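Participant: Below you will find the structure I want to go over with you.
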Amino acid sequence: MTPEDLARTHARAFTGQSRGWSAQEIADLMQSPLVFAVGDARAFALGRAIADEAELLTLATDPDHRRKGLARARLAAFEAAAKARGARIAFLEVAADNAGARALYDAAGYVQTARRRGYYARPDRGPIDALVLQKPIP
């Protein structure tokens, strides 16, 4: 799983929502020993674990592979990898208008703890709020 593979998947997953991350941006993140990826070119999660906290940086599923449980599996793998790194709580941000992702995170036990007004820019409409979610990692 190369940064180029991840960037292609990310671009396809976020078409129309936001700009996909470049291979260089992903490679730069992956240089940190605190950052980890789980999955493959169909779907992946990129996370960061620091002390007892983990942050889901992004979760992307290629549109050709949606509705197969891959995002749910990658989210569970992210949590397991974070736990193995000592994390006891996971955080993430999700666009308020991303109903599919919000349903996934709700089903996985994440709860909203904050809202960032106008955080995400959309090419065809005004700014969208980001919801900050968290979940204890058992």
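Residue-by-condition table, conditions (1) surrounded by 15 or more Cβ atoms within 10 Å (Cβ to Cβ); (2) within 24 Å of residue 132 (Cβ to Cβ); (3) of a type in the set (S, T, N, Q):
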site: 2; (1), (2), (3): no, no, yes
site: 28; (1), (2), (3): no, yes, no
site: 51; (1), (2), (3): no, yes, no
site: 61; (1), (2), (3): yes, yes, yes
site: 68; (1), (2), (3): no, no, no
site: 75; (1), (2), (3): yes, yes, no
site: 82; (1), (2), (3): yes, yes, no
site: 86; (1), (2), (3): no, yes, no
site: 92; (1), (2), (3): yes, yes, no
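Participant: With the requirement that a residue be modelled with pLDDT under 95 and not basic (Lys, Arg), what does segment 102-128 give you?
Facilitator: Correct list: 118, 119, 120, 121, 123, 124, 126, 127, 128.
Participant: Considering only segment 104-130, state which residues are closer than 22 Å to residue 66 by Cα and surrounded by 15 or more Cβ atoms within 10 Å (Cβ to Cβ).
Facilitator: Those that are closer than 22 Å to residue 66 by Cα and surrounded by 15 or more Cβ atoms within 10 Å (Cβ to Cβ): 104, 105, 108, 110.
Participant: Residues that are touching a Ser or Thr at 6+ places or on another chain (Cβ under 9 Å) and at pLDDT 95 or above: find the strands (runs of 3 or more DSSP E) completely inside segment 17-101 holding 3 or more of those.
Facilitator: Passing ranges, in order: 43-50.
Participant: If you don't mind, another one. Residues being touching a helix residue (DSSP H, G or I) at 6+ places or on another chain (Cβ under 8 Å), over 19 Å from residue 95 (Cβ atoms) and among the aliphatic types (A, V, I, L, M): count how many of those fall in segment 31-76.
Facilitator: Result for segment 31-76: 6.
The values are calculated or read from the model by the stated rules, or taken from the named source; none is laboratory data. What you see is a predicted model, and the numbers here were worked out from it, not measured in a lab. Every residue, glycine as well, gets a Cβ built from its backbone with ideal geometry; the counts of neighbours run over all protein chains shown.
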